[in-house]
Structure formats: C-alpha cells, structure tokens
1. Please indicate, with yes or no, whether at least one residue in the range 6-24 is outside any strand (DSSP E or B), more than 14 Å from the chain's Cα centre (by Cα) and under 13 Å from N79 (Cα atoms).
2. Conditions first: (1) in a strand (DSSP E or B); (2) at pLDDT 95 or above. W87 passes all but one, so which condition is the exception?
3. For residues that are open to solvent by 20 Å² or more (accessible area, probe 1.4 Å) and not in a helix (DSSP H, G or I), scanning just the range 70-84, find the one that is nearest to A16 (Cα to Cα).
4. I'd like the full set of residues that are among the acidic types (D, E) and more than 19 Å from L6 (Cβ to Cβ), limited to the range 62-119.
5. Here are G94, G32: which of them is out of contact with any Phe, Trp or Tyr (no Cβ under 8 Å at 6 or more places or on another chain), at pLDDT 95 or above, surrounded by fewer than 18 Cβ atoms within 10 Å (Cβ to Cβ) and assigned to a loop (DSSP other than H, G, I, E, B)?
6. Quick check on my filter: what residues within the range 135-151 are open to solvent by 70 Å² or more (accessible area, probe 1.4 Å), at negative phi and modelled with pLDDT of 70 or more?
7. Among (1) assigned to a helix (DSSP H, G or I); (2) crowded, with 18+ Cβ neighbours inside 10 Å; (3) of a type outside the set (F, W, Y), which single condition is A39 missing?
8. Residue by residue through the range 45-66, note down the ones that are out of contact with any strand residue (DSSP E or B) (no Cβ under 6 Å at 6 or more places or on another chain), open to solvent by 10 Å² or more (accessible area, probe 1.4 Å), on the phi < 0 side of the Ramachandran plot and not aliphatic (A, V, I, L, M).
Amino acid sequence: MSEVRLHLVPVRSREAKEFVRTWHRHHTPPAGQIFAVGAADETGTLRAVAIVGRPVARHLDDGATLETRTASDGARNANSLLYAAAWRAAKALGYRRLITYTQDGESGASLRGAGWRVIASRPPRAGWHTPSRPRTDRGNDRIARLLWEAA
C-alpha cells in the first residue's frame with residue numbers, strides 16, 4: 001500500500017469545526033478561532049484540520065500566545081504537517097508562542113515530529129463545574145495532560 005501524499009489547504013471555520021465534530025475523539029470544536037488550516041490528499045479530500053485560537057486557560061491568554069487543536073481521520077503524518085504549518089503561520093502573524101495539550105495515554109509522536117517540546121505536566125482536574133459557572137463534563141476531566149509548546 002502506498003503512502004498518501006498530503007498537502008496544506010485553507011479551511012473555513014465552519015468546515016474545520018464540522019471536521020472536529022466528526023473526527024476528534026474527546027473534544028468539541030473550540031468556540032472561536034484566529035485561523036484554520038487543513039491537510040488534503042491528492043484527490044482533494046480533507047484528511048485533517050488544525051484550528052488555532054486564543055488559549056482556553058485565561059492566564060495564558062497574553063496576546064502573544066495561541067493554542068491549537070487538531071483532528072485527523074488517521075492519515076499518516078497529517079497532524080505533524082499541521083502542527084508545523086500552524087506554528088509557521090502563527091509566527092508570520094506576529095505571535096510568539098503556540099501551545100497544545102495531549103492527554104495521558106497519547107504518545108505525542110506528531111508533536112515531537114513537528115519539533116514541539118513538553119513544557120509542563122498538568123495533573124488530573126476534578127472538573128470545571130462550579131455553582132457559579134456550571135459546565136457539562138465532556139469526558140476529558142480527571143485525566144492528566146501534558147502541555148506542549150512549538151519550538
């Protein structure tokens with residue numbers, strides 16, 4: 001079986017969010033974004049997307065940092081291609097930092113392949129729900145995570 005050749009393609013917000021809804025294992029699409037980029041095969045079929053926006057953690061939202069979320073249909077090397085492209089685009093827009101997270105049990109191979117590095121380990125959290133700010137558990141609370149940064 002020959003390896004699928006992927007190339008970068010522009011992706012509109014609605015299409016990127018629908019792709020995440022369909023393919024991401026444990027997250028819904030982010031509420032907003034600064035930009036999105038996709039990876040398509042030689043037939044033009046979208047195989048993966050990266051949505052890049054403001055950091056979810058308010059203390060990281062300093063105006064110079066962005067956070068990315070990727071989703072893939074399993075195409076080999078798609079996420080590495082997108083992580084590298086997202087960092088190039090973020091730098092071109094004047095941002096100084098791009099971050100993402102992996103959950104415990106995820107290898108991070110795509111991030112390492114794109115030259116990213118682990119900068120922190122986050123312990124499992126009890127959840128986001130508080131009486132003043134009720135939230136729905138999406139199945140990813142109580143799981144340890146690693147914080148990665150583009151290098």
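1. Within the range 6-24, one or more residues are outside any strand (DSSP E or B), more than 14 Å from the chain's Cα centre (by Cα) and under 13 Å from N79 (Cα atoms).
2. That leaves (1) as the condition not met.
3. S72
4. Those that are among the acidic types (D, E) and more than 19 Å from L6 (Cβ to Cβ): D62, E67, D104, E106.
5. Among G94, G32, only G94 is out of contact with any Phe, Trp or Tyr (no Cβ under 8 Å at 6 or more places or on another chain), at pLDDT 95 or above, surrounded by fewer than 18 Cβ atoms within 10 Å (Cβ to Cβ) and assigned to a loop (DSSP other than H, G, I, E, B).
6. A151
7. Here A39 meets the rest and fails (1).
8. The answer is T45, R54, R58, H59, D61, D62.
The values are calculated or read from the model by the stated rules, or taken from the named source; none is laboratory data. All values derive from a computational prediction rather than experimental measurement. Don't worry about glycine lacking a Cβ; one is built from the backbone with ideal geometry, like all the others, and counts go over all protein chains shown. We work out accessible area using only protein heavy atoms, side chains counted, and drop any ligands, DNA or RNA first. Shrake-Rupley method; radii C 1.70, N 1.55, O 1.52, S 1.80 Å.
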